[in-house]
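Some notes on the structure that comes next.
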Amino acid sequence: MKKAVAWLLRSFWLPAGCFLCLLAGAAVGVAAQSTELRGTIADETGAVISGAQISLDDLQGHKQVVQSDEAGRYRVASVAPAIYTLTVTAEGFGNFSQQIDLTSRRTAPLNITLKVIIT
């Protein structure tokens, strides 16, 4: 009976343990292949802009949209390496749009200045 129980435990836990190790390795591999984009949105005077919409789009169906916080900071996490179009919009300011290459970029800040629109 003891041998049967030991065999049963080995036959379940060994494959389950191997599967969990493979799964953890895959998760680490995905994390190592992503980056983040962060920075601050401000106007020409240096005043921060809260509530700006930051859009990162690779034009292949992967799009992330975030908003700047009360200190004008934004962060787009877990971005796959690619070339993206970065667009920033905020009410009362001109739009900002630029292609950005995130294939080799790591978490260095990208600060953006928007121009005030006088109406």
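Each reported figure results from applying straightforward, stated rules to the coordinates on display, with no laboratory input. Because the structure is predicted, anything quoted here is derived from the model rather than measured. Every residue, glycine among them, receives a Cβ derived from its backbone with ideal geometry; neighbour counts consider all protein chains shown.
Each label point was placed 7 Å from the Cα along the Cα-to-Cβ direction; for Glu70 and Ala82 their separation is 3.5 nm. Ordering Thr89, Leu59, Ile41 by Cα displacement along the dipole of the range 35-114 toward the positive end leaves Leu59 in first place; charges were set at the Cβ atoms of Lys, Arg (+1) and Asp, Glu (-1). For the range 35-114, the Kirkwood hydrodynamic radius from C-alpha pairs, put into Stokes-Einstein at 25 °C and a viscosity of 0.890 mPa s, yields a diffusion coefficient of 196 µm² per second. Computed over the range 35-114, relative contact order equals 39 percent, with contacts defined as Cα pairs under 8 Å that lie 6+ residues apart.
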